[in-house]
Amino acid sequence: MTIEPASDDLSLMKRIAQQDQAAMAALYDRYVSTLYAVAFKTLGSAQESEEVVLDVFAQVWRTAGRFDPAKTQIDTWLFTVTRSYTLARLRTMQQTEKTAIDTAEPLLSSTGSDPIEDALISERRDQIQIALAQLSDEQRQVIKLAHYQGLSHSEIATRLGLPLGTVKTRIRLALQRLRIILNSWKPD
């Protein structure tokens, strides 16, 4: 006897509602590639798409017990949740990029005294904006708070409600990523 995918999905959801990690792994394996593709098509970023997929499955884990199969099919619900998280992340990425650009502008403004220096500053500002856009939302957020608002790691942790170690890790990873990106643009 063959199990229909929809009934198998429902069985998995019921088991996930009981905190069955094996069921979660099975549902994840079944849908991860498709949900990733949906997110990537909109976001164009592997890192951001992976974050969306993780957020989707975290929500599945939290809310499996409230899922109502009478209202929708599981695959339809997963695609809807993925689309919602993807659009939210896209809006956040766009807003964060705009904020970073707006905030960086005064810090990198030209002196007006040397046209060559002004051109170099302008080029570097553009490179920084492009590099910032390649960070995850979480990394951009801590970099912005640390470098544009001058907050300490402890102040960032308090403001975001995160453990201090998480903040330090995000800043360290963001700075490493920025260094790699910006160094790749230097002439050899």
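See the values below:
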{"item": "Sole exception among (1) within 26 Å of ARG125 (Cβ to Cβ); (2) in contact with a Leu (Cβ under 9 Å, 6 or more places away or on another chain) for LEU182, by number", "result": "(2)"}
{"item": "All helices (runs of 4 or more DSSP H) inside region 104-184 with 3 or more residues being among the charged types (D, E, K, R) and at pLDDT 80 or above", "result": "137-143, 164-184"}
{"item": "Which numbered condition VAL60 fails, given (1) at pLDDT 90 or above; (2) more than 23 Å from LEU90 (Cα to Cα)", "result": "(2)"}
{"item": "Region 79-88 - residue that is out of contact with any helix residue (DSSP H, G or I) (no Cβ under 6 Å at 6 or more places or on another chain) and not polar (S, T, N, Q) and, of those, least open to solvent (accessible area, probe 1.4 Å)", "result": "ALA88"}
{"item": "Some residue of region 43-54 being assigned to a helix (DSSP H, G or I), in contact (Cβ under 8 Å) with a residue 40 or more places away in the chain, surrounded by 15 or more Cβ atoms within 10 Å (Cβ to Cβ) and β-branched (Val, Ile, Thr)", "result": "no"}
{"item": "Filter result for the condition that a residue is open to solvent by less than 50 Å² (accessible area, probe 1.4 Å), free of Cβ contacts under 8 Å to residues at least 24 places away in the same chain, assigned to a helix (DSSP H, G or I) and hydroxyl-bearing (Ser, Thr, Tyr), over THR63, THR76", "result": "THR63"}
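The values are calculated or read from the model by the stated rules, or taken from the named source; none is laboratory data. Just so we're clear, the structure is a prediction, and the values are computed from it rather than from any experiment. We place every Cβ from the backbone using ideal geometry, glycine too, and count neighbours over all the protein chains shown. Areas reflect the complete protein model, heavy atoms only, side chains present, ligands, DNA and RNA absent. Shrake-Rupley method; radii C 1.70, N 1.55, O 1.52, S 1.80 Å.
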